[in-house]
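Colleague: Just dropping this structure here.
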Amino acid sequence: MDDDVTIEDEGGPEIQKTPLGNQDLSFLQQTVGPLVAEYGWYLLFMCVGVYLVVQHLSKRRASQGQSSSASGAVQADPNAVVRRQEALEASRRRMQEELDAKAALFRLKQQQLEEEKRQQKIEMYDSMKEGRSYRGKAKTAQNTEEASTSTTVLKPKTDKKPLRSSGFNPLSGEGGGSCAWRPGRRGPSAGGG
């Protein structure tokens, strides 16, 4: 079968055209080859970026679908929501009551301390007016309070040994130690002369 076609025009030259068939893909290689050779890495990174964006968007769309179905379930049961809010409010009320009780206790203790300080000041003033020593009484009152509040028994230290002997003289150089007095050196290197 001969696919050559001849077309004749009236009054013109005769033109022969070849039929369109399976053409060679060499023209594609000639245009795409240099493009890939020059921008190949950029194209690869762009393809990876597009893939990651598509994956991110698909995950986001799936999570939005799940959250909308979950919110639909919450809206479907308003009684559970009301019960949860009531339980939350009750727990908040309990915590607030506990905090108020602790604050009232603290205020009461502060008032007691202020009253004790006021009484001590009054006693000190009275003892000053009478000419007695007021510091000794204040200290003994504090010591008795500390003794009554502490549960440990303090043992007095009776086995103290003296730090140095009674005949110690630091200028004599006796007794050792690193802090002994020594006279300065004499000689030509001792001064600026």
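The values are calculated or read from the model by the stated rules, or taken from the named source; none is laboratory data. Given the structure is predicted, the values throughout are model-derived calculations rather than measurements. We place every Cβ from the backbone using ideal geometry, glycine too, and count neighbours over all the protein chains shown. We work out accessible area using only protein heavy atoms, side chains counted, and drop any ligands, DNA or RNA first. Shrake-Rupley method; radii C 1.70, N 1.55, O 1.52, S 1.80 Å.
Okay, residues lined up against (1) modelled with pLDDT of 85 or more; (2) open to solvent by less than 100 Å² (accessible area, probe 1.4 Å); (3) among the aliphatic types (A, V, I, L, M):
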site: Leu28; (1), (2), (3): no, yes, yes
site: Trp41; (1), (2), (3): yes, no, no
site: Val48; (1), (2), (3): yes, yes, yes
site: Lys59; (1), (2), (3): yes, no, no
site: Ala62; (1), (2), (3): yes, yes, yes
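Colleague: Checking the structure you have, find out if any residue of segment 127-144 is in a helix (DSSP H, G or I), surrounded by 10 or more Cβ atoms within 10 Å (Cβ to Cβ), modelled with pLDDT of 70 or more and of a type in the set (S, T, N, Q).
Modeller: yes
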